[in-house]
Amino acid sequence: MKKIATLIIALVITLSTSLSTTYATSPCQDFEDFPYTYSGVGTFAYLVKLLGGTYSCDDWKAIWEIDGDTWEATLHTKEKDGTAYSYDFLEVSRNGVPLQLTEDNSSRGNGTVSGRRYTLEDLELMLDIQIEIDQINMVGYIKKNNEMY
């Protein structure tokens, strides 16, 4: 499962000034006939698969299951600056309970169509994992169900 840590590090190293924000993953942008391309296509689905889960996405709505838990996410977009696909807001729930993701105060895009930024804490909530980053050695430690990956 070292691939999970490598993948998380690859996501995190797309950094601006710190290791707190990931740019290249979105749970709701991995569907057929997606209107644009972005660098993180398939990344979130791949993380779910590596964690032993299943993932599906259609028309800005995603559902994934890991270890008996079910998440549902819907990305809402709006028309802005000549595109109909600017980020408006994201809803994510786990087993029907809404998740409180970090507030996204960004006003610029970030490599995804939606422009939504995700923190490590967001990924932890959306995948039921704990992430520790060793910034000196650039190593990611993933803990799930008291096991290190």
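The values are calculated or read from the model by the stated rules, or taken from the named source; none is laboratory data. For clarity, every value in this text was computed on a predicted model and none was experimentally measured. All Cβ positions, even for glycine, are placed from backbone atoms using ideal geometry, and neighbour counts span all protein chains on display.
Yes/no per residue for (1) among the β-branched types (Val, Ile, Thr); (2) in a strand (DSSP E or B); (3) at pLDDT 90 or above:
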| site | (1), (2), (3) |
| --- | --- |
| Ile4 | yes, no, no |
| Ser18 | no, no, no |
| Ala24 | no, no, no |
| Asp30 | no, no, no |
| Phe34 | no, no, no |
| Ser39 | no, no, no |
| Val48 | yes, no, no |
| Ser56 | no, yes, yes |
| Ala73 | no, yes, yes |
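Look at (1) surrounded by fewer than 21 Cβ atoms within 10 Å (Cβ to Cβ); (2) modelled with pLDDT under 85 and you find that Arg116 fails only one, number (1). Would you check which residues across the range 54-73 are within 11 Å of Asp128 (Cα to Cα) and in contact (Cβ under 8 Å) with a residue 40 or more places away in the chain and list them? Residues satisfying the conditions are Ile66, Asp67, Asp69, Trp71.
Restricting to the range 123-137, name every residue that is of a type outside the set (A, V, I, L, M) and over 17 Å from the mean Cα position of the chain (by Cα).
Our first condition is that a residue be of a type outside the set (A, V, I, L, M); within the range 123-137, this holds for 124, 128, 130, 132, 134-135, 137.
Across the range 123-137, the qualifying residues are Asp134, Gln135, Asn137.
Screening the range 57-89 for residues that are of a type in the set (A, V, I, L, M, F, W, C) and over 16 Å from Leu127 (Cα atoms) and picking the one that is surrounded by the most Cβ atoms within 10 Å (Cβ to Cβ) gives Leu75. Scan the range 119-139 for residues that are surrounded by 12 or more Cβ atoms within 10 Å (Cβ to Cβ), out of contact with any Asp or Glu (no Cβ under 7 Å at 6 or more places or on another chain) and assigned to a strand (DSSP E or B) and the total you get is 4.
Going by what's in this entry, would Asn110 be described as modelled with pLDDT under 70, part of a loop (DSSP other than H, G, I, E, B) and in contact with a Lys or Arg (Cβ under 7 Å, 6 or more places away or on another chain)? First the steps, then the outcome.
Details: modelled with pLDDT under 70: yes; part of a loop (DSSP other than H, G, I, E, B): yes; in contact with a Lys or Arg (Cβ under 7 Å, 6 or more places away or on another chain): yes.
Yes, satisfied.
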